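Remarks on the structure that follows.
The values are calculated or read from the model by the stated rules, or taken from the named source; none is laboratory data. Here the structure is a predicted model, which is why all the values come from computation and not from measurement. Note that we place each Cβ from the backbone using ideal geometry, even for glycine, and neighbour counts take in every protein chain shown. Each accessible area value is taken on the protein alone, full model and side chains, heavy atoms only, with ligands, DNA and RNA left out. Shrake-Rupley method; radii C 1.70, N 1.55, O 1.52, S 1.80 Å.
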Amino acid sequence: MIRYMIKRLLAMIPVLIGITFLVFMIMQLAPGDPARLILGENASPEEVKELREQMGLEDPVLVQYFRYMVNLCKGDMGKSYITNRLVASEVAARFPYTLKLALVSAAVSILIAIPLGIIAAVKQNTIFDNTCMVLSLVGISMPAFWMALMLVLVFSLRLGWLPVQGANMGWRSYVLPSIAIGFMNMAAIARTTRSSMLETIRQDYVRTAKSKGISNASAILGHAFPNALIPTVTVVGVQLGGLIGGAVLTETVFAWPGLGRLIVQSVNARDVPMILGCMVVMSVSFSVINLVVDLLYGLLDPRVKSMYA
Amino acid sequence: MMKHLFRRRAEPEEGSMSLLQESWMRLLSNKGAVAGMVFLTILVLTAICADLIYDYETEVIMQDIPSRLQPPSLKGHLLGTDEYGRDLLARLVHGSRMSLVVSFSSVVLALAVGGTLGAMAGYFGGVIDNIIMRLTDVLLAIPMTLFAIVIVAALGANTTNLTLALGASSIPIFARVVRASVLTVRQAEYVEAARSIGAKHGTVILRHILPNCIGPIIVQFTLRIAQAIYNTAALSFLGMGVQPPAPEWGGLLASGRTYIRDYSYLSIIPGLAIMSTILALNLLGDGLRDALDPRLK
């Protein structure tokens, strides 16, 4: 298992180099001169040229990329073209907000969706099951940013129960953003748990367990559920990864001070170092989530574990 | 024996159906998929006939300030008017064209590029497969919406770049799906037979392999359009997609957001349009998956 973990961690390195290379090259296509952006429209061509040389922008693109990577390995992501602040410290200040929101919404969606999926499977073809499945189908089709607006409309503007935006009102600030992000995930997790439970509760070992006299609840939770978890974990992993990308929209609606909003602001301001910094951190988080999900398979399924050995 | 074989082929049993017919019948027996198909047919027809229903210049773009922010009513504007007095229904109808064209084109682009790469990876294997798959690993490690945002940031916000960005972000998914499908039929006897009579690689892939693994590709195509509708709306909502005054559902939602407190219909109605379309595509995609799944045959 440890060998597999090390192998997977090492395999992440070329992927990360690929991501940074791709994003770096795409951002080279961005119109406008960073030196002109920093100095303003009134700067003379000589001043612009001098700053371009200072910033290394006169070097070939590959040299610039190599320099960026060397600095990145030292934790230096450069300075913002707009605020002149260090990208690394700005990203470090914003990342905890995105991470906390992602974790809260993941916890909410998992805690609600898995029991719903199990009950829907056990009570297959009843009103409960049908209602859950219709709701989950609507849930996966509902854009998170629209859901966010509707939540704000009802719970903040009409009822006045929760804050419209920001992260400075403690747990109350987390309620609407986490529901907005979590609802779509909840729907996907509930659907997968239901279909995977439907398969496992019909297996011989569950029938055997029941025939030995254990209660229905123990047969479902003790025997069927652990074996139905693998597809659920896959979907949870995919959804968690989606939380990172989806945060861009929800954070914009709720003016949440996280990385998603920072990247939108940076794109609008054409702040290339900030965009690169955000992309690197978000893509690394995405890759780490995928790695954790793969490792969880090993813990849940001994057959997968034996493949690692 | 030979005679017998030929006779059996020439005279199929009565009532037997081709695989396509069987799948079609299975699709028609799925109520959700039929509902999705009906909705999408109406939507596509509306988008095609948008110019016949509402004139673009006078009813969709032209401002009419005295009629601004009128709520929905049966007598005046059915879905109300926006902050510039333009009819919301007219903008939704023309917006459907924009959303569908951008989404459809981006998925076709992704299928063309991703499908070619996937087919090459699956068919040739070895080094080519390795290079293409490592490239898709990199692309898949970037959240799709973020990747599209970066491309739009670099190229500028307009409809063409939005289509390119959305298409590029879906390429790895099609590459994976097509590769997996090609791998399942690559070793089939009919492929070997085609190769042994000297067919070129392109012919083998296009005429013998792809037609036999089209099921998963169709399903993925439908589901990716749903995702593209979402992303088109999302990027326009962030101001990085279709630029005003051109109507697009995400853009309508973004401009309605400013007035959400007093004129909530401006936010509710475009959102419902996006959601219903995605729902219809998901229903159709699920139905197609069930209809084309060989395990159910």
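Things worth noting here:
- All other residues whose Cβ lies under 14 angstrom from that of B:ASP64 are scored, Lys and Arg at +1 and Asp and Glu at -1, for a net of -3.
- Amide hydrogen neighbours beyond the local backbone of B:THR81, cut-off 5 Å, H modeled: B:LEU69, B:GLN70, B:LEU88
- Virtual spin-label span in nm between B:ALA199 and A:SER89, 7 Å along Cα→Cβ: 6.5 nm
- Rounded, prolate or oblate (a/c below 1.5 giving rounded, otherwise prolate when a/b exceeds b/c) for the protein assembly as shown by Cα gyration tensor: rounded
- For the protein assembly as shown, the mean residue ellipticity at 222 nm estimated from helices alone is -24000 deg cm²/dmol, where every DSSP H run of n ≥ 4 contributes -39500 (n - 2.57) and the total is divided by all residues, rounded to the nearest 500.
- Within the listed set B:LEU206, B:LEU43, B:LEU284, the Gaussian network model of chain B (springs between alpha-carbon atoms below 10 Å) gives the highest mean-square fluctuation for B:LEU206.
- Most tightly packed first, judged by the mean number of other beta-carbon atoms within 10 Å of their residues, the peptides A:107-118, B:246-257 read B:246-257, A:107-118.
- Net charge of neighbours whose Cβ lies under 12 Å from the Cβ of B:TYR259, counting Lys and Arg as +1 and Asp and Glu as -1: 0
- Longest segment of chain A lacking trypsin sites (Lys or Arg not before Pro) that sit in a DSSP loop with at most 14 other Cβ atoms within 10 Å: A:213-309
- Protein accessible area in chain A, 1.4 Å probe - carbon and sulfur %: 66 percent
- Buried area at the A:B interface is about 3600 square angstrom, summed over both chains, from accessible surfaces computed with a 1.4 angstrom probe.
- On Cα atoms only, tilt of B:159-185 relative to the major axis of chain B in degrees: 20 degrees
- Distances between placed amide hydrogens fall under 5 Å for B:VAL242 paired with B:SER236, all partners being 5 or more residues away or on another chain.
- Average beta carbon contacts from partner chains per residue of A:44-53, 10 Å cutoff: 0
- Averaged over the residues of A:135-142, the number of partner chain Cβ atoms lying within 10 Å of the residue Cβ comes to 4.
- Listed residues A:ALA269, A:ALA228, A:ALA120, most fluctuating in chain A (Gaussian network, C-alpha, under 10 Å): A:ALA269
- C-alpha long axis of helix B:19-28 to longest principal axis of chain B, angle in °: 30 degrees
- The residues of region A:2-73 expose, per residue, 66 Å² of accessible area to a 1.4 Å probe.
- Principal-axis analysis of the Cα atoms of chain A puts helix A:87-122 at an angle of about 20° to the longest axis.
- Proximal charge balance of B:PRO270 [Cβ under 15 Å; K/R count +1, D/E count -1]: 0
- Whole-Hz Karplus values for region A:39-54 come out as 7, x, 5, 7, 5, 7, x, 5, 4, 4, 5, 4, 5, 4, 5, 4 Hz, taken residue by residue from phi with 6.51 cos²θ - 1.76 cosθ + 1.60 and θ = phi - 60°; glycine and proline positions read x.
- Hydrodynamic analysis of region B:88-296 uses the Kirkwood radius over alpha carbon pairs. Inserted into Stokes-Einstein at 10 °C and 1.306 mPa s, it gives a translational diffusion coefficient of 86 µm²/s.
- Shielding by partners - mean other protein chain Cβ count within 10 Å, residues of B:257-263: 3
- In the protein assembly as shown, lysine pairs closer than 30 Å at Cα, eight or more apart or cross-chain: 15
- In this structure, the amide hydrogen of A:LYS79, modeled 1.01 Å from its nitrogen in the peptide plane, lies closer than 5 angstrom to those of A:VAL87, counting only residues at least 5 positions away or on a different chain.
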